[in-house]
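Okay, so here's the structure we're looking at.
Rule-based calculations on the coordinates, nothing more; no lab input. Since we're looking at a predicted model, the values are computed, not measured. All Cβ positions, even for glycine, are placed from backbone atoms using ideal geometry, and neighbour counts span all protein chains on display.
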């Protein structure tokens, strides 16, 4: 009889331990995610067509967000609202002519079918001069004012 009571106590203890670990670890997966949003302007006016691209080559991260009709954006991964904390190079790119995805260009080349007013230097993260240091949790808006 003591053996049955001991087995039940051990099973109950293990069940409580698993439940406690599940409760304590809930949300820990997103603790290093920074929530990113902002606005892009060109000569002080909202840029309404294009995408904002955040790149961290060392971490092999490249993600984009389309601009809205107000020139705003919000970065989301496929399953989270934000990016891992870190320092990113940023590009502002025109959208592909039919795909709706950003087009990265080589300096001196315009993407085919592009009539976007985005100056060339901003279309490549390596030449844009734009950076963002993302902290875990909420971040102030990352606003970029481009000049012609």
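Compute the distance in nm between two label points, each set 7 Å from the Cα along the Cα-to-Cβ direction, one at residue 62 and one at residue 74.
For residue 62 paired with residue 74, the spin-label model returns 2.6 nm.
If you stretched the chain out fully between residue 87 and residue 131, how much longer would it get, using 0.36 nm times the residue separation minus the C-alpha to C-alpha distance?
Numbers: separation 44, 0.36 × 44 = 15.84 nm, distance 0.71 nm.
Contour length minus the Cα-Cα distance gives 15.1 nm.
Take the alpha carbon atoms of segment 119-148, find their center, do the same for segment 66-94, and report the distance between the two centers in whole angstrom.
Value for the Cα centre distance between the two parts: 10 Å.
Stretched out fully, how many nm does the piece from residue 138 to residue 32 gain, at 0.36 nm a residue minus the Cα gap?
Contour length minus the Cα-Cα distance gives 37.1 nm.
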